[in-house]
Amino acid sequence: MSVLKFVLGIIKKSLVDFYEYLFKIVFVNLVWFTILILPFIFLYIFEDFWLLFVLLIISYLLAGPLFLSALNLLKAVIDREDPSVKVLFSGIKVFFKRGLQGWLLSSLIYLILLVDIYFFLQRSGNLLMFIIAVLFFYLLIFFSMSQLYFWGLLMLNPQQKLWIVFKKSLLLTLDNLLTSFLILVIVLLLTVILFVTGVGLPIAFLGIISLVIINLTRAIMDKYLKKE
């Protein structure tokens, strides 16, 4: 019951923060969404698939730094530091290397896990292959849970090496399995709801997910600090 109360507290705080700082959070979300769909806008205008390919690569490389910069800006917003929205753009430069490294690492691991699941499912007529595919599926869920801490720790501990942050995110997930799983399920449900509504994706998706990551990571780290 305490775990459920903790999880609902994180979600409630994140939604309250979203409502309280609605304008800035929606602006950040719209910038992120615009960068995401920009390649397809150019494709519609110019009908040039090579341009689409180049812009998709640029968008992909900017995704990690932009996400980390958005996390940093939203952290400052909920801390009542009243940052200017231009911090989002300057933050892309500040967090470029760290954000890109984190994004590439996460993408690579997701790719490996998905390829492995596909490979073993193709041979699922063999019971052993099916069991291995299920194990990789569980690893995919576990890794997705760890991402909730990974990006929060990357932003909150800017001087810590990437590998240390990655290892710490796995350990936090392992030590808080039920909490992490429930948060992930709620995040996925919110994602589906925002996607179905259509308008929710461009104005709220990044903001709500970022606030959940910030509040969850802080709350978990505070719990360990109190224990010490």
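The values are calculated or read from the model by the stated rules, or taken from the named source; none is laboratory data. None of these values were measured; they are calculated from a predicted model. Because the Cβ atoms are built from the backbone with ideal geometry, glycine has one as well, and the counts that use them run over all protein chains shown. For accessibility, only protein heavy atoms count, side chains too; no ligands or nucleic acids. Shrake-Rupley method; radii C 1.70, N 1.55, O 1.52, S 1.80 Å.
One table, with the values for the structure above:
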quantity: Residue in segment 193-205 that is free of Cβ contacts under 8 Å to residues at least 40 places away in the same chain and not in a helix (DSSP H, G or I) present; calculated: yes
quantity: Residue list for segment 170-192, filter: closer than 28 Å to Ile203 by Cα and not aliphatic (A, V, I, L, M); calculated: Thr179, Ser180, Phe181, Thr191
quantity: 2 or more residues surrounded by fewer than 16 Cβ atoms within 10 Å (Cβ to Cβ) and modelled with pLDDT under 85: qualifying helices (runs of 4 or more DSSP H) within segment 16-128; calculated: 22-46, 49-78, 86-94
quantity: Matching residues in segment 148-162 - criterion: being open to solvent by 20 Å² or more (accessible area, probe 1.4 Å) and in a helix (DSSP H, G or I); calculated: Leu156, Leu162
quantity: Residue in segment 7-15 that is of a type in the set (A, V, I, L, M), surrounded by fewer than 19 Cβ atoms within 10 Å (Cβ to Cβ) and in contact (Cβ under 8 Å) with a residue 24 or more places away in the chain present; calculated: yes
quantity: Of the criteria (1) under 18 Å from the mean Cα position of the chain (by Cα); (2) over 18 Å from Ala63 (Cβ atoms); (3) of a type outside the set (Val, Ile, Thr), which one Gln101 fails; calculated: (2)
quantity: Yes/no for Ala133 being open to solvent by less than 20 Å² (accessible area, probe 1.4 Å) and farther than 27 Å from Phe18 by Cα; calculated: yes
quantity: Criterion (within 19 Å of Leu71 (Cβ to Cβ) and in contact with a helix residue (DSSP H, G or I) (Cβ under 6 Å, 6 or more places away or on another chain)) met by exactly one of Leu121, Leu184; calculated: Leu184
quantity: Residue list for segment 141-163, restricted to those being more than 17 Å from Ile214 (Cα to Cα) and modelled with pLDDT of 95 or more; calculated: Ile141, Phe142, Phe143
quantity: Criterion (in contact with a Phe, Trp or Tyr (Cβ under 7 Å, 6 or more places away or on another chain), in a helix (DSSP H, G or I) and not polar (S, T, N, Q)) met by exactly one of Phe166, Phe142; calculated: Phe166
quantity: Every pair of residues 6+ apart whose Cβ atoms lie under 6 Å, when the first sits in segment 154-179 and is farther than 13 Å from Thr217 by Cα while the second is open to solvent by less than 50 Å² (accessible area, probe 1.4 Å); calculated: Leu178/Val3
